[in-house]
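The values are calculated or read from the model by the stated rules, or taken from the named source; none is laboratory data. Computed from a predicted model, the values in this text were never measured in an experiment. Every residue, glycine as well, gets a Cβ built from its backbone with ideal geometry; the counts of neighbours run over all protein chains shown. These accessible areas exclude ligands, DNA and RNA; they are computed on the full protein's heavy atoms, side chains included. Shrake-Rupley method; radii C 1.70, N 1.55, O 1.52, S 1.80 Å.
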Amino acid sequence: MMGKAALPLLRTKIKKGDIVHVVAGKEKGKEGKVLQVLPDKQAVVVEKLNLLKKHTRPNQKNPKGGIVEREGRVHLSNVMIVCANCVKPRRIGSKTLPDGKKLRVCKSCGEALDKEG
């Protein structure tokens, strides 16, 4: 029996620490900070969103064990970056600076999303 085909490794425009808005799914309309980007799964883990209950055995970190709530992943297609200037979810593009560095920019206002420096 053949296993599931691996998803192609896509370069994502979303990075750890970005504020994202969920545009589809059960968490639609909510915003949060990206804790982790999973390019192999084409997903992101967003702070306090898509909470899952995980049953854990007692271990050193959690001596009692029990039920622990943690964030699940959200597919990349279901999130949009929130532009700090527009304060709305926006599409993003890239702009190449004269020194050759690439910069993520808001498609609506043209404001840079990355901190230069």
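Using the 1.4 Å probe convention, the accessible area of the chain works out to 76 Å² per residue with neighbouring protein chains retained.
For the stretch 15-57, what does the alpha-carbon gyration tensor say about shape, rounded, prolate or oblate, given a ≥ b ≥ c as the root eigenvalues, a/c under 1.5 as rounded, and a/b over b/c as prolate? It is oblate, given that a/c is not under 1.5 and a/b is not larger than b/c.
The apolar share of the surface of the stretch 20-117, taken as the fraction of accessible area on carbon and sulfur atoms (1.4 Å probe, ligands and nucleic acids excluded), comes to 49 percent.
Measuring r between the beta carbons of Leu35 and Val87 and using R0 = 22 Å, the FRET efficiency lands at 0.55. Placing dummy labels 7 Å off each Cα toward the beta-carbon, the span from Lys61 to Arg11 is 3.3 nm. Label sites at Lys107 and Lys54, each approximated as a point 7 angstrom past Cα along Cα to Cβ, lie 3.4 nm apart. Phi angles of the stretch 101-110 translate, via the Karplus equation with coefficients 6.51, -1.76, 1.60 and θ = phi - 60°, into HN-Hα couplings of 6, 9, 10, 7, 10, 6, 6, 7, 9, x Hz per residue; Gly and Pro are given as x.
Computed over the Cα atoms of the chain, what is the convex hull's projected area averaged over all directions, in nm²? Before the final figure, lay out the partial values.
Values: hull surface 44.6 nm².
Result: 11.1 nm².
Across the stretch 28-44, coupling constants 3J(HN,Hα) worked out from phi with the 6.51/-1.76/1.60 Karplus curve, θ = phi - 60°, read 3, x, 8, 10, x, 8, 6, 8, 7, 10, 10, x, 5, 9, 6, 9, 10 Hz, and Gly and Pro carry x.
Summing +1 for each Lys or Arg and -1 for each Asp or Glu among the other residues whose beta-carbon sits under 14 angstrom from that of Leu51 gives +3.
Could you tally the net charge around Thr96, taking each other residue with its Cβ under 12 Å from the Cβ of Thr96, Lys/Arg +1 and Asp/Glu -1? Within the 12 Å Cβ shell, the charges total +3.
If only the Cβ of Lys and Arg carry +1 and only the Cβ of Asp and Glu carry -1, the dipole of the chain around its Cα centre is close to 300 debye.
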